[in-house]
Amino acid sequence: MPRRKTDAILEEIEKRVAHSDLLTPIEKEETLARAKAHVDEQRKKKAIDHLFEQAVKAEENAYDPNEEIVEFTVDLPDFAPCMTINGRMSYYHGCTYKVPMQLYRSLIDLQFQAQCHQREIDGHRRQGDLSRRPQYTNLSPSNPGGRVTTTGNMRV
C-alpha cells in the first residue's frame with residue numbers, strides 16, 4: 001500500500017509540473033505548433049538579414065576596387081608555419097582565406113619575401129643581387145671596357 005501512495009504523489013507532482021490539469025492535449029499541440037512556427041520565423045528573419053548584409057558588402061566591394069574580396073591560398077616555405085599580421089590574425093600554410101584586396105597585396109608580398117629567404121637558406125642567390133654574381137673583369141689597356149673599381153685601376 002505505501003507504494004501506491006508514493007506513485008499517486010509522483011503522479012500529482014508530474015501533473016503540477018507539466019500543467020496537465022490546465023491544458024488539454026489539443027491546446028498543448030496548438031501551443032507546440034505555434035512555438036515551432038515562431039522559431040521558424042525567427043530563423044528565416046536571421047537568414048534574410050545575413051543575406052542582406054552579404055549583398056550590401058558585395059555592392060560596396062563592386063563600387064570600390066580596393067575593398068574587393070579575393071581568395072588567398074597561403075603557400076609558405078618550410079621554415080614558416082604561418083604569417084601573422086599585427087599579432088592579431090594568423091594565416092596558416094595551405095589554408096585559403098577571403099581577404100580584402102589591400103590585405104591580399106600585403107600577404108602576397110610577405111609570402112614572396114619568405115620564399116626568397118628560403119632560396120637564400122638553400123644556397124641560391126637573391127634576385128637582383130649583383131654582389132653575389134661572379135664578375136670576371138680585367139683592367140688593362142687591352143681591355144678598355146673593363147670596370148673601374150678604385151682610383152688605382154684608372155692608371156694605364
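Surface composition of segment 15-71: carbon plus sulfur atoms contribute 58% of the solvent-accessible area (1.4 Å probe, protein chains only, all chains present).
Assign one of three labels to segment 48-122, namely rounded, prolate or oblate, based on the Cα gyration tensor with a ≥ b ≥ c the square roots of its eigenvalues; rounded applies when a/c is under 1.5, prolate when it is not and a/b is larger than b/c, and oblate otherwise. Prolate shape, in that a/c is at least 1.5 and a/b is the bigger ratio. Which whole number in µm²/s is D for segment 1-83 by Stokes-Einstein, with the Kirkwood Rh taken over Cα pairs at 4 °C and 1.567 mPa s? Approximately 66 µm²/s, per Stokes-Einstein.
Computed with every protein chain present, the accessible area of C82 is close to 40 Å² [probe 1.4 Å]. If only the Cβ of Lys and Arg carry +1 and only the Cβ of Asp and Glu carry -1, the dipole of segment 29-92 around its Cα centre is close to 420 debye. Other residues within the sphere of radius under 13 Å centred on the Cβ of E60, judged by their own Cβ, net out at -4 (K and R +1, D and E -1). Of all lysines in the structure, the ones whose alpha carbon falls short of 16 Å from that of K45, not counting any fewer than 8 places away in one chain, are K36. With all protein chains kept in place, the per residue accessible area of segment 1-100 amounts to 89 square angstrom at a probe of 1.4 angstrom. Residue ranking by accessible heavy-atom surface, 1.4 Å probe, largest first, among F79, F52, F72 comes out as F52, F79, F72.
The values are calculated or read from the model by the stated rules, or taken from the named source; none is laboratory data. Source: prediction; values computed, not measured. We place every Cβ from the backbone using ideal geometry, glycine too, and count neighbours over all the protein chains shown. To get the accessible areas, we keep the full protein, side chains included, count just its heavy atoms, and leave off ligands, DNA and RNA. Shrake-Rupley method; radii C 1.70, N 1.55, O 1.52, S 1.80 Å.
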